[in-house]
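What follows is one structure encoded as structure tokens, with my remarks underneath.
Bear in mind these aren't lab numbers, they're just calculated from the coordinates by the rules spelled out. None of the values given here were measured: they were computed from a predicted structure. Please note: Cβ atoms are built from the backbone with ideal geometry, for glycine as well, and neighbour counts cover all protein chains shown.
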Amino acid sequence: EGLKRALQQAARRRANKTKLSGGDPKSVMQTSWIRGLVAVFTMFLATPVDSNRFLESWVTGCHHAFPDGSYFDLGSLARTPGRDDYVAEDSEGHTFFLNICADVQQIPEECRVLGKFMRAPGYLVTNHSQCFWLGTLDKVEWNLIEPADPDMGVEVQYYGGEECAPGAFRQFRFRFFCDPTGEMGTVSDYLVEYFPELCLYSITFPTKVGCPVKGHLSGFWIFILTVMGIGAVYVVGGCAWNVIKENEPLGVTALPHRRFWAQAPDHAKDFVVFLVDKITGLFQTATRPRGFEKVEEEFEWST
């Protein structure tokens, strides 16, 4: 019963709004349709990146462009919830838990037992159940494996791990060798190398994304071109619909949702005014003196 009343009230409000604005029901439906599309698009953008592989590889920033124009995108290698971390070993039987451009999904149990809950893209668990984190995401460096030959692949090195000697801290690097055919194996097929003088662990990782991307576009231009494409489809499709189905003459009057877009500047102005008023109100509230004020009162005594 309550839902029914709410729907009836909403219908009356829409009807009153149509009367006050002087618009016809068709234009109101068109405006509502546009708002619905905007809401759906907003919900898509607000979807957590972990649930969308394509979106994640685009926004994680797991890519790099070198001054010579070589460009690498490793976003597809990042492990997300539900996907196991990469595992590798060295010649002594120590185990490495690794991720790329993100922290490991699961901190090793040996680390938890030792009270180590540091989030890190790499962990080392020794064959004596010791545990060390090997670097942090905020300390990363990209280099070409062979500066004179970008087609060889790319290195990603993480710094800031646990101390391994006085004043020296653990670090590790991925060496992503270009392997377009997948014939070089996987990361688990290679032993991790250790360079004690640098406290550096080196992981060999052949992969097709270790090859430089040819003729790439940055994320900004991909977004701009996508918006332009959607806009072109919207305008052309809307004009065709209005000319064929609504018998509108070909011209400005055939543009889709013409009234809505004509009023868009006014809506934008109203939004800016609202935003300024909101920010001003919050600022005044934050700067208003707090506490009690002393009030002096005068009394008259009568005899």
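For this structure, a couple of remarks:
- Residue by residue, region 261-267 carries 3J(HN,Hα) couplings of 5, 5, 8, 4, x, 5, 5 Hz when phi is fed to the Karplus relation 6.51 cos²θ - 1.76 cosθ + 1.60 (θ = phi - 60°); x denotes Gly or Pro.
- Gained length - H128 relative to A240, 0.36 nm times residue gap less alpha-carbon distance: 33.1 nm
- The peptide list 152-162, 123-133, put in order of mean Cβ contacts within 10 Å with the highest first, becomes 152-162, 123-133.
- If you take the Cα centroid of region 250-281 and the Cα centroid of region 133-151, the two points sit 47 Å apart.
- Relative contact order of region 96-226, defined on C-alpha pairs under 8 angstrom at six or more residues apart (%): 17
- Placed amide H near L144: partners under 5 Å, 5+ positions off or other chain: E155
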